[in-house]
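Participant: Before we start, here is the structure in question, set down as structure tokens.
FYI, it's all coordinate maths here, none of it is from the lab. These figures come from a predicted structure and were not determined experimentally. Using ideal geometry, Cβ is built from the backbone for each residue, glycine included, and neighbour counts are taken over all protein chains shown.
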Amino acid sequence: MAEHGDGPSGEARPGHGEHHHRDVQGGAARAAVFGVSDGLVSNVGLILGVAGADPAPSIVRLAGLAGLIAGAISMAAGEYNSMKVQAELLERELELERIEIERHPEVETAELAGVYEARGMDAGQARDLAETVMADPEVALETHAREELGVDPAQLGSPVGAATSSLAAFSLGALVPLVPWFVGSGAGATVASLVAALVAAVVVGSAIGRFTGRSLARTATRQVLFTLVPALLTYAVGSAVGVGAVS
């Protein structure tokens with residue numbers, strides 16, 4: 001008997017039982033998610049650490065702004081370098097593969113046929129399919145890249161896109177705990193900064209949960225803990241040290 005949603009031959013009907021995969025290999029989405037999280041966690045820790053020493057509100061604002069700018073630039077530079085190096089390494093491997101396809105097409109055809117046979121295809125069919133693929137150099141390169149390197153030559157990621165996304169996301173996350181210090185000061189601003197950071201942590205954690213398909217409650221709780229623990233620790237250190245001890 002065909003399962004619910006299947007046609008007479010057991011094949012899935014169009015629009016039933018289908019699902020679409022999102023592109024999770026690109027650097028921009030990953031950089032945005034982790035950028036917001038890092039900006040939030042690092043800057044709330046910095047702000048509360050300084051606030052714990054009970055300095056003038058302008059000092060807390062300055063520290064928060066410095067943390068935002070320095071962190072955003074550092075994150076952007078790190079993402080750019082990471083994606084750039086990764087892309088360059090993959091491009092080098094692709095060029096080596098292109099050369100091998102041009103110089104030793106018989107060997108590459110045999111390798112591809114072996115891959116198809118290993119997946120259960122008949123030897124003759126595997127050979128025919130491999131020869132068909134190798135007839136077009138670009139298709140051959142793309143296929144070998146997917147089968148041997150596990151990458152899509154057209155989807156190597158954008159270093160500039162990842163860096164820009166990371167910079168903007170980190171800045172957004174870092175700005176959340178800083179805003180109360182532009183409209184208040186003292187204990188009120190400290191509490192407001194922590195509350196704003198925790199609310200943002202719930203939002204970020206829930207977004208991560210939706211993005212990864214994990215439990216929203218679990219990812220939100222995890223993000224709250226990642227935000228709360230360092231904030232409390234740095235506040236305790238700031239309170240213990242105080243302004244006088246570092247002046």
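Participant: Compute the acute angle (0 to 90°) between the alpha-carbon long axis of helix 216-246 and the principal axis of greatest extent of the alpha-carbon atoms of the chain; round to the nearest 10°.
Facilitator: 40
Participant: Each residue of segment 92-100 in turn: what ³J(HN,Hα) in whole Hz from Karplus with 6.51, -1.76, 1.60 and θ = phi - 60°, glycine and Pro shown as x?
Facilitator: Karplus values, whole Hz, x for Gly and Pro: 5, 5, 5, 5, 4, 5, 4, 5, 5.
Participant: Another question, then. Go ahead and run the numbers for FRET between VAL85 and GLU111, Cβ-Cβ distance against an R0 of 25 Å, rounding to 0.05.
Facilitator: 0.35
Participant: Residues with amide H under 5 Å of MET121's amide H, sequence separation 5 or more or different chain, H placed in the peptide plane at 1.01 Å from N; which?
Facilitator: Close amide H contacts, sequence-distant or interchain: none at all.
Participant: How far apart, in nm, are two points set 7 Å out from the Cα along the Cα-to-Cβ line at LEU149 and at GLU95?
Facilitator: Going by the 7 Å Cα→Cβ label model, 1.1 nm.
Participant: Spin-label point model (7 Å from Cα, Cβ direction): what's the LEU62 to VAL183 distance in nm?
Facilitator: 2.5
Participant: Something else now. Taking all pairs of distinct Cα atoms, average 1/r, flip it, and tell me the Kirkwood hydrodynamic radius of the chain in Å to one decimal place.
Facilitator: It is 22.0 Å.
Participant: Any idea how far apart HIS104 and ALA192 come out in nm if each label point goes 7 Å out from Cα toward Cβ?
Facilitator: Result for the modelled spin labels: 6.9 nm.
Participant: A further question on this structure: For an R0 of 41 angstrom, estimate the FRET efficiency from the Cβ-Cβ distance between LEU233 and VAL139 and round to the nearest 0.05.
Facilitator: Working from the Cβ atoms, E equals 0.15.
Participant: Compute the FRET efficiency between ALA123 and SER215 as 1/(1 + (r/R0)^6), taking r as their Cβ-Cβ distance and R0 = 51 Å, and round to the nearest 0.05.
Facilitator: 0.65
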